[in-house]
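These notes concern the structure reproduced below.
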Amino acid sequence: MNTQTEIENIIIPPEKFVFIPLGGATGVGMNFFLYGYKGKWIAVDCGIGFAGDDLPGVDVLLPDPQFIAERKKDLIGLIITHAHEDHIGAIPYLWHDLQCPIYVTPFANELLEDKLNEVGLLGRADVQVVEKGALLDLDPFEVEFISMNHSLPEPNALAIRTKEGLVVHTGDWKLENDPVLGQSTDIEALKALGKEGVLALVCDSTNVLAESSDKTELDVQKSLIQLISEYPQRQIAVACFASNVSRIESIYQAAKQNNREVCLIGRSLWRIDAAGRATGYFKDIPPFLSEEEALEKPIGSVLYIVTGSQGEPFSALNNLASLMPQKNAVSFEADDVVIFSSRVIPGNEKSIELLQKRLKAKGIKIITSKDALVHVSGHYKGEDLRQLYKALNPQIALPVHGESRELIAHADLALRWGCPFAFALEDGEVIALDKTPQILGEVHRGILAVDGKRIIPLNAEVIKKRRKMMEGGSVAVTIVVDAFGKPLADPQLSTFGLLETVPEDKQKLTQKIKEDILSLSSEHASRDDMIENVARTTIRQFLNEFYGKKPLIEVHLVHI
């Protein structure tokens, strides 16, 4: 994972049409892409990533905007392809670094307004709502919105035109001829772009290594109808991503066919429901039940849609697994059913496994994609990608939105399908887009961490220390010395995660610290830095030799 990298400034000739990923090329998430031409810039998407267990205290990751922040007077627009968090979630955090008009479709705008309102930016950020097929004149760029299909409303590809050529930027997408929600990918519009001549294709790589499948969201809906019919007198919950609006539609239809009402449990689900209804979606669906309303209904008459499919500790599904359910809250018992209608995000395996064990301990039946057709991806699979390349026939392939092996595999496929050039870029690399594309160099890139109310570099000292504490524990030692640097008492040693259960070792280490300080020459004993270094070295060597640990060490020296 990239953290923070200093790169020498490079000269980007203004006559060159360039593409720079500042996030979204070296891994999944934090999508943030720049296009530059004639000294002007546009950005596409501005999303977050999620921190793993190796980053204690950090939940959200951001792309570092330093390069474009230094040029924000020339940034003429931020264009959003769709409303997922990894495409819009960083806007409230990075707005002050960008301060340009933001162009979004109505559904994305509803969710963005909530985020801006939470940080006091609603009404201050310049948000422009665009409709289907919008054409933006952002001189020297022209940007056209092309309707795609994904797991939520209004996903778009962007046709970005300059005098140097046309780039198609896909966003997230799949081909689905009979979608549950929204419309199919506009393949005819894509073919028209191909006839116009596509210089470069910047394309999602999420599922490039996935097995091809002909299963659709409609197939999932039919499967859910059948599954729910098999448990007529039981409570059933379906866990899914709140942002998977197509899945919410499918679950509702499955409930309807089984004469059940639908209850939403989870704040993010209600937020999606509000955004959908405000923009004309869910119009044929009656209002969902609140948890309080559902408690008044007979057992077996309600289908619950819940958050927490990834094992999140404070989610609705986690509460259902509790042995001590909250008062006036829905609780599940033995023989009730939980359907996991989502994929496992890499890194969440342990959390999900633990949650499922807790559910099973209560006697709750669990159904996952291993047991039935309860999930399909919102991203393309197999043949879809080849059809896209056939329609567009790009000269340059620029895979993004994937891990390194996915980007490389995508680039190899593009070359195999006749694309003359393909580049698996890393974040920060600058590529000139023309008939003979070339990488011009690198600009500053990096990852920022949202640490409580602060935004700090991922390699900040405070995060390094937390990691060290998590991996090796920590030690604090207080040493009281006289004017000649001689200890006046035994050092006071406090350890965290190391010697709490072995008091004799703690005593041995305390005595060793004292002995090593007493062994210092009078010249060295008069220097605080030498005393501190001796104490630190003694602690480090002792704990490494006997425990194999390298803790965080703090030495406090007191003079009397």
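The values are calculated or read from the model by the stated rules, or taken from the named source; none is laboratory data. Given the structure is predicted, the values throughout are model-derived calculations rather than measurements. Here the Cβ positions follow ideal geometry from the backbone for every residue, glycine too, while neighbour counts run over all protein chains shown. Protein only, heavy atoms only, side chains kept; ligands, DNA and RNA dropped before computing areas. Shrake-Rupley method; radii C 1.70, N 1.55, O 1.52, S 1.80 Å.
No other residue among Val558, Val481 is more than 22 Å from Lys468 (Cβ to Cβ), touching a residue at least 24 places away in the same chain (Cβ under 8 Å) and open to solvent by less than 20 Å² (accessible area, probe 1.4 Å) apart from Val481. Check off (1) open to solvent by less than 20 Å² (accessible area, probe 1.4 Å); (2) at pLDDT below 90 for Ala432 and give me the number that stays unchecked. The one condition Ala432 does not meet is (2). Taking the stretch 139-150 as the search range and keeping residues that are touching a Phe, Trp or Tyr at 6+ places or on another chain (Cβ under 8 Å) and part of a loop (DSSP other than H, G, I, E, B), which one is surrounded by the most Cβ atoms within 10 Å (Cβ to Cβ)? The selected residue is His150. Selection over the stretch 247-283 of residues that are acidic (Asp, Glu) and without any contact (Cβ under 8 Å) to a residue 12 or more places away in the chain gives a count of 0.
For the stretch 12-33, the set of residues classified as farther than 18 Å from Phe423 by Cα and of a type in the set (Lys, Arg) is empty.
The residues of the stretch 104-130 that are buried (at least 24 other Cβ atoms within 10 Å of the Cβ) and assigned to a strand (DSSP E or B) amount to a single one, Val104. Within the group Asp64, Asp86, Asp59, which residue is in contact with a Lys or Arg (Cβ under 7 Å, 6 or more places away or on another chain) and within 27 Å of Ile463 (Cα to Cα)? Exactly one of Asp64, Asp86, Asp59 is in contact with a Lys or Arg (Cβ under 7 Å, 6 or more places away or on another chain) and within 27 Å of Ile463 (Cα to Cα), namely Asp64. Scanning the stretch 504-534 for residues that are within 17 Å of Gly485 (Cβ to Cβ) and either under 42 Å from the mean Cα position of the chain (by Cα) or charged (D, E, K, R) (or both) yields a count of 9.
Taking (1) surrounded by 16 or more Cβ atoms within 10 Å (Cβ to Cβ); (2) more than 30 Å from Val60 (Cα to Cα) in turn, Ser519 satisfies each apart from (1).
Is it true that Asp335 is out of contact with any Gly (no Cβ under 7 Å at 6 or more places or on another chain), modelled with pLDDT of 90 or more and surrounded by fewer than 16 Cβ atoms within 10 Å (Cβ to Cβ)?
Against the criterion (out of contact with any Gly (no Cβ under 7 Å at 6 or more places or on another chain), modelled with pLDDT of 90 or more and surrounded by fewer than 16 Cβ atoms within 10 Å (Cβ to Cβ)), Asp335 does not qualify.
The set of residues from the stretch 129-155 being touching a helix residue (DSSP H, G or I) at 6+ places or on another chain (Cβ under 8 Å) and among the acidic types (Asp, Glu) comprises Glu131, Glu154. Among the residues of the stretch 190-209, those identified as open to solvent by less than 40 Å² (accessible area, probe 1.4 Å) and outside any strand (DSSP E or B) are Leu190, Leu193, Gly194, Gly197, Val198, Leu199, Ser205, Thr206, Asn207, Val208.
For every residue, the table says whether it meets (1) open to solvent by 80 Å² or more (accessible area, probe 1.4 Å); (2) in contact (Cβ under 8 Å) with a residue 12 or more places away in the chain.
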{"site": "Asp451", "(1), (2)": "no, yes"}
{"site": "Arg466", "(1), (2)": "no, yes"}
{"site": "Glu504", "(1), (2)": "yes, no"}
{"site": "Lys512", "(1), (2)": "yes, yes"}
{"site": "Glu523", "(1), (2)": "yes, no"}
{"site": "Asp529", "(1), (2)": "no, no"}
{"site": "Phe546", "(1), (2)": "yes, yes"}
{"site": "Leu552", "(1), (2)": "no, yes"}
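Which of (1) within 30 Å of Leu543 (Cα to Cα); (2) of a type in the set (D, E, K, R); (3) modelled with pLDDT of 95 or more is the odd one out, the single condition Arg467 does not satisfy? Result: Arg467 fails condition (3) only. Those residues that are in a helix (DSSP H, G or I) and open to solvent by 10 Å² or more (accessible area, probe 1.4 Å), I need them from the stretch 384-410; list them, please. Passing the criteria: Asp384, Arg386, Gln387, Tyr389, Lys390, Ala391, Ser404, Arg405, Glu406, Ile408, Ala409.
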